[in-house]
Amino acid sequence: MFHTLLIANRGEIACRVIRTARKLGIHTVAVYSDADAEAQHVRLADEAHRIGGPAPGDSYLRGDAILEVAKRTGAQAIHPGYGFLSENADFADAVAAAGIAFVGPSGSSMRKMGSKAGAKELMHSAGVPVVPGYTGEDQDPARLQREADAIGYPLMIKAAHGGGGKGMRIVRVSGDFAAALESCQREAKNAFGRDRVLLERYVEKPRHIEIQVFADAHGHTLHLNERECSAQRRYQKVVEESPSPFLTPALRGAMGAAAVQAARAIDYVNAGTVEFIVGQDGGFYFMEINTRLQVEHPVTELVTGLDLVELQLRVATGEALPFAQADVQQHGHAIELRLYAEDPAAGFLPGSGKLERLRLPVPSAHVRLDGGVVEGDTVTIFYDPMIAKLIVWDETRPRALARLREALMDCDIRGPKSNVTFLEALVRHPSVIEGTIDTGYLDRALDEVLTPATPPPASLLALAAAAVLLHEEQATRACAASGTDPSSPWAITDGWRLGHGGARRLVFDSAGTRHVLSARGHDGDYELMLRLDELKHGAARGESQAVGPLRVESLRIDAQGRASARVDGVALAARVHVDAETVLLHDGSQRWLIERLGAYAFAGNAGAGGDGTLKAPMPGRVVLVKVQPGDTVTEGQECAVMEAMKMELGLKAPRTGIVKAVRVSAGDFVEADAVLVVLE
């Protein structure tokens, strides 16, 4: 086994590789950019070395700098993780030429798969099913239009050199092809440096099922069964699971055999993933081979009991695979979700910033967390905004889904916005529960999952208010206990007044509604009057509704935030977390983040309109400006395109009007909230 391993990556995958290396007694070397100087993978590794500036092109894509560190530290092997240089054939060759083991396939195998067009032709000749399409080198737009018309619609345009959902467009009618082609080529050029595309017939409502393959240098190639990744948004995987609820044993066997055949066709060695699209009739077609470890590899590990990183390292040392195909077993069901810093309500806009709070479920035999950040770390604008991967396992799929829902309840992420609420709604959606979701479902019916925020019902609001009161009483008692007179009645915030129990006032804001509560009582027993002031939706601003009195009795909250009480005689249970500014409330199926306002806070001018400017939603580079002064634009019209966090974002006019000024040009780098376009 290697004694020193360099990890040419960052974030959660670097931390993941370090864990296995440590288990095997391997000395680990991390590399980092200026943006990652304090990152967790730097802290976990045995040593770490700077390789450049924050942008990937200045650091994690600098193969020369990484190789220099490997030579200087005596690294015997380089693990590339996924992304960055993991599928760069030139880098794999350079590593091998330096006498260092590359933990992955050879550069030659990568080149066979580096072009989707070439890969498709190769698979067709090897007898692996492929989707009808055009993969030729003639990229003249007129030729591509003719080929598209011949293939038929719906049709997919795909970047020939790419992945991760970048450079892909669906075209449903011939008249839309030219514009989609231009957009796809531009995105491919920006993301991968090459704008060649291929065309293929689009399979309606397909499933996305991938087969994990492994091969050693001794001629053994096998598969570790499938992962289903059909829950996707804009070609980005959202939920991954194994085994697939769709496959029959016969279809699983046929797809596994085809995946092994595909790997052998390119003389593959090490871990790889063969991706297929599967029609509703069970027909399956080769999409691509990812010549690296996949983000979703933990679900395979949990159902097979194998450590895929350990297998990668052993194969890279020259060892043979320690088992045969017949030895591969599947036990139970595993599901993975990706927790991202993003705002689903704003079109899943990637977020950045300090993680003010990061509370995740406790790892166990049923819950696994693969992360690269901890509370207090910063999600930067330069890389993928993943916070962690949440993976659960249980004996059956229904039990695994129940575990997943329970684990999501324990997630509390503050700072940049996160997708936790979206994921909670998604895993309760019938298409996920019944295992019928296809790759386009979320893009077709996202509003079924992204439902508008609503305030909690009055009974739960009363429970939240009682939790705040109890929290304050306990904090005051704890403070008094450390003082000079711990038994003083004046140190207890129970609202006592001479002759009667005084009322305490609380003001909350939840989903645009201002809640004013008047409470009497103490120590878990309270009577509350509630007034709701609609601010942003529903009734006209200023309209109020009174509720109460509501009686909360015997409130108790354990160390994990599980609260139980009787509200007007009805037993209620919920998760409640109270801090100085917010109350996080979860009833087991829905969460609410309630803002605590001052006791006499004024709501202000909620819902005010915009100022007629188009602003950058986050830091990024302007790719295209589509308007000029004097143009008339309509509300929602795309005025500019910017690239941020490896995604293209279309920026739209906030209202109808005439363009007064354009303050940026293509290629400009702008900060968040920078004004790009001004309307008269």
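The values are calculated or read from the model by the stated rules, or taken from the named source; none is laboratory data. These numbers were taken from a predicted model, which means no experiment stands behind them. Cβ sites come from the backbone with ideal geometry, for glycine too, and all protein chains shown count toward neighbours.
Looking at the structure I just gave you, is Leu470 out of contact with any Ser or Thr (no Cβ under 8 Å at 6 or more places or on another chain) and assigned by TED's automatic domain parsing to the domain that holds Val567?
Details: out of contact with any Ser or Thr (no Cβ under 8 Å at 6 or more places or on another chain): yes; assigned by TED's automatic domain parsing to the domain that holds Val567: yes.
The answer is yes for Leu470.
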(message) I need the full set of residues from region 8-34 which are closer than 13 Å to Gln76 by Cβ and either under 27 Å from the mean Cα position of the chain (by Cα) or part of a strand (DSSP E or B) (or both), in order please.
(response) Ala21, His27, Thr28, Val29
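I'd like the full set of residues that are without any contact (Cβ under 8 Å) to a residue 40 or more places away in the chain and crowded, with 21+ Cβ neighbours inside 10 Å, limited to region 289-319. So that I can check it myself, show each step before the final result.
To start, the set of residues in region 289-319 that are without any contact (Cβ under 8 Å) to a residue 40 or more places away in the chain comprises 301, 305.
If the condition is that a residue be without any contact (Cβ under 8 Å) to a residue 40 or more places away in the chain and crowded, with 21+ Cβ neighbours inside 10 Å, then Glu301 is the only one that fits.
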(message) For region 665-680, which positions are modelled with pLDDT of 90 or more and buried (at least 19 other Cβ atoms within 10 Å of the Cβ)?
(response) Leu676, Val677, Leu679
(message) Against the definition (under 14 Å from Ile209 (Cβ atoms), assigned to a loop (DSSP other than H, G, I, E, B) and not assigned by TED's automatic domain parsing to the domain that holds Ile18), how does Gln294 come out, yes or no?
(response) yes
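Would you please name the residue that is modelled with the lowest pLDDT, looking only at residues in region 490-524 that are of a type in the set (Val, Ile, Thr) and crowded, with 16+ Cβ neighbours inside 10 Å? Reasoning before the result, please.
Kept after step one, since they are of a type in the set (Val, Ile, Thr), are these residues of region 490-524: 492-493, 507, 513, 516.
Retained after the next criterion (residues that are crowded, with 16+ Cβ neighbours inside 10 Å): 493, 507, 513, 516.
Values: Thr493: 56, Val507: 90, Thr513: 83, Val516: 88.
My answer is Thr493.
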(message) Consider region 559-589. How many of its residues are over 27 Å from the mean Cα position of the chain (by Cα) and polar (S, T, N, Q)?
(response) 1
(request) Hey, can you tell me all the residues within region 60-71 that are free of Cβ contacts under 8 Å to residues at least 12 places away in the same chain and surrounded by 18 or more Cβ atoms within 10 Å (Cβ to Cβ)? (result) Arg62
(message) Tally up the residues in region 16-35 that are crowded, with 21+ Cβ neighbours inside 10 Å and not hydrophobic (A, V, I, L, M, F, W, C), please.
(response) 4
(message) Checking Arg264 against (1) surrounded by 23 or more Cβ atoms within 10 Å (Cβ to Cβ); (2) over 16 Å from Asn225 (Cα atoms): exactly one of these is not met. Which one?
(response) (1)
(message) Given the criterion surrounded by fewer than 21 Cβ atoms within 10 Å (Cβ to Cβ) and on the phi > 0 side of the Ramachandran plot, identify the matching residue among Gly57, Gly74, Gly83, Gly53.
(response) Gly74
(message) Taking the conditions exactly as written (farther than 22 Å from Asp34 by Cβ and not β-branched (Val, Ile, Thr)), does Asp64 satisfy them or not?
(response) no
(message) Report every pair of residues separated by at least 6 positions or lying on different chains whose Cβ atoms are under 9 Å apart, first residue within region 469-489 and modelled with pLDDT of 75 or more, second of a type in the set (S, T, N, Q).
(response) Leu469/Thr493; Glu472/Thr493; Glu473/Thr493; Ala475/Thr493; Thr476/Thr493; Arg477/Thr493
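Quick grid of which residues meet (1) crowded, with 19+ Cβ neighbours inside 10 Å; (2) touching an Asp or Glu at 6+ places or on another chain (Cβ under 9 Å):
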| position | (1), (2) |
| --- | --- |
| Leu360 | yes, yes |
| Ala365 | no, no |
| Val373 | yes, yes |
| Ile391 | yes, yes |
| Asp394 | yes, no |
| Ala402 | no, yes |
(request) Taking the options Gly25, Gly53, name whichever one is of a type outside the set (Val, Ile, Thr) and within 18 Å of Leu85 (Cα to Cα). (result) Gly53
(request) Return the pairs, sorted by first residue and then second, in which the second residue is among the aliphatic types (A, V, I, L, M) and in a loop (DSSP other than H, G, I, E, B), the first residue lies in region 36-55 and is closer than 16 Å to Gly372 by Cβ and in the same structural domain as Arg22 (by TED's automatic domain parsing), the beta carbons are less than 7 Å apart, and the residues are 6+ apart or on different chains. (result) Gln40/Val373; Gln40/Val374
(request) Give the residue that is surrounded by the most Cβ atoms within 10 Å (Cβ to Cβ), with candidates limited to residues of region 1-15 that are over 14 Å from Ala39 (Cα atoms) and out of contact with any helix residue (DSSP H, G or I) (no Cβ under 6 Å at 6 or more places or on another chain). (result) Phe2
(request) Output the residue which, of all residues in region 509-526 that are of a type in the set (Asp, Glu) and out of contact with any helix residue (DSSP H, G or I) (no Cβ under 8 Å at 6 or more places or on another chain), is nearest to Leu461 (Cα to Cα). (result) Asp509
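Please list, ordered by residue number, the strands (runs of 3 or more DSSP E) wholly in region 320-423 having 2 or more residues that are touching a residue at least 12 places away in the same chain (Cβ under 8 Å) and β-branched (Val, Ile, Thr).
Of the strands (runs of 3 or more DSSP E) lying wholly inside region 320-423, those with at least 2 residues that are touching a residue at least 12 places away in the same chain (Cβ under 8 Å) and β-branched (Val, Ile, Thr) span 386-394.
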(request) For residues that are in contact with a His (Cβ under 9 Å, 6 or more places away or on another chain) and part of a strand (DSSP E or B), scanning just region 192-216, find the one that is surrounded by the most Cβ atoms within 10 Å (Cβ to Cβ). (result) Gln212
(request) Please go through region 632-673 and pick out each residue that is over 21 Å from Phe348 (Cβ atoms) and hydrophobic (A, V, I, L, M, F, W, C). (result) Val633, Ile658, Val659, Ala661, Val662, Val664, Ala666, Phe669
(message) Return the residues of region 217-240 that are out of contact with any Asp or Glu (no Cβ under 7 Å at 6 or more places or on another chain) and outside any strand (DSSP E or B); say none if nothing qualifies.
(response) Ala217, His218, Gly219, His220, Tyr235
(request) Could you check Pro132 against (1) in contact with an Asp or Glu (Cβ under 8 Å, 6 or more places away or on another chain); (2) at pLDDT 90 or above; (3) surrounded by fewer than 14 Cβ atoms within 10 Å (Cβ to Cβ) and say which number it fails? (result) (2)
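Looking for whichever is more than 20 Å from Val315 (Cβ to Cβ) and not in a helix (DSSP H, G or I) here; the options are Leu61, Leu67. Which one fits?
Numbers: Leu67 fails: not in a helix (DSSP H, G or I).
On inspection, the qualifying residue turns out to be Leu61.
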